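Derivation of every value follows stated rules applied to the coordinates shown; laboratory data play no part. Quick caveat: nothing in here was measured; it's all calculated off a predicted structure. Using ideal geometry, Cβ is built from the backbone for each residue, glycine included, and neighbour counts are taken over all protein chains shown.
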Amino acid sequence: MKIVAFGASYSKNSINKKLAIYAASFFKKSEIEILDLNDYLLPLFTVDVEKEIGVPQAVKNFIAKLDEADLLIISLAEHNGSYTAAFKNLFDWTSRFKMKMFEGKKMLLLSTSPGPRGGLSALEAAMSRFPRHGAEIIGYFSLPKFDENFSAEEGISNTAIKQEFDYFISTALQNMKYENYAGI
């Protein structure tokens, strides 16, 4: 199984990228590729820019990575109640080139933030939007107060939240009939 995971953020120290990597680590014996969205920098999308330059190669490269995946793990950063403007720009460019960019893809959606809602608004926006682009969302999870509840050494450190995450992962694995995972 090929898993493509990324944090939907352009931050070099993205906490959402860390959460996506953590979730992907539960899929043993899988090929896992972690994307850095800084490899897909794009001009601000407008119809005029699209007419002027066409579809940038970065869009085609991003779609090629999505197409390779059997499972997408995406952790959404939140700015002002939605996903980041930079990710939205990549999303806009990509959907113009291939409207059903997630077609036939199973997806785990995550979000986290330093705040108590854990990026939940961005997660809810994606849960509403991504199926329109072909995604089959098989699970979702929001981690509140990232700095208090996650450490590089142990992952999710809050016992109650870790139990919720373990249930999220095991349910997703069952839905996929996936047998090669680390165990919870």
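Using 0.36 nm per residue of separation minus the Cα-Cα distance, give me the extension gain between I32 and K12 in nm, one decimal.
5.2 nm
I need the calculated FRET efficiency for the pair K2 and Y167, taking r as the beta carbon distance and R₀ as 25 Å, to the nearest 0.05.
0.50
Please give, to one decimal in nm, the separation of the simple spin-label points placed at V49 and K145, each 7 Å out from Cα toward the Cβ.
Distance between label points: 3.9 nm.
Under a cut-off of 13 Å between alpha-carbon atoms, report the aspartates and glutamates in cross-link reach of K12, not counting same-chain residues fewer than 8 places apart.
Within the straight-line cut-off, K12 pairs with D36, D39.
For region 1-103, which trypsin sites (Lys or Arg not before Pro) are both in a DSSP coil and crowded by at most 12 other Cβ atoms within 10 Å?
Filter output for region 1-103: K12, K28, K29, K100.
DSSP beta bridges in the chain, what fraction antiparallel, as a percent rounded to 5?
Here the share of antiparallel DSSP bridges comes out near 20 percent.
So for T46, T84, fewest C-beta neighbours within 10 Å to most, what's the order?
T46, T84
Return the Rg/Rh value of region 2-176, two decimal places, where both radii are evaluated on C-alpha atoms and Rh is the Kirkwood radius.
0.96
So, R0 is 25 Å and r is the distance between the beta-carbons of A152 and E68; what FRET efficiency does that work out to, to 0.05?
Approximately 0.35, to the nearest 0.05.
Okay, helix-only estimate at 222 nm for the chain: each DSSP H run of n ≥ 4 adds -39500 (n - 2.57), divide by all residues, round to 500 deg cm²/dmol; what do you get?
-12000 deg cm²/dmol
Only Lys, Arg, Asp and Glu count, each charged at its Cβ (+1, +1, -1, -1), so figure out the dipole size of the chain about its Cα centre, rounded to 20 debye.
280 debye
Within straight cross-link reach of K17, meaning Cα distance under 22 Å, which lysines are found once same-chain residues fewer than 8 apart are removed?
Candidates past the 8-residue exclusion: K2, K28, K29, K60, K65, K88, K105, K106, K145, K162.
Taking the Cα centre of the chain as the origin and placing charges on Cβ (Lys, Arg +1; Asp, Glu -1), which of I32, S82, N175 is farthest toward the positive end of the dipole?
N175
Under the definition of Cα pairs under 8 Å and six or more residues apart, what whole-number percent is the relative contact order of region 2-176?
Over region 2-176, the number comes to 21 percent.
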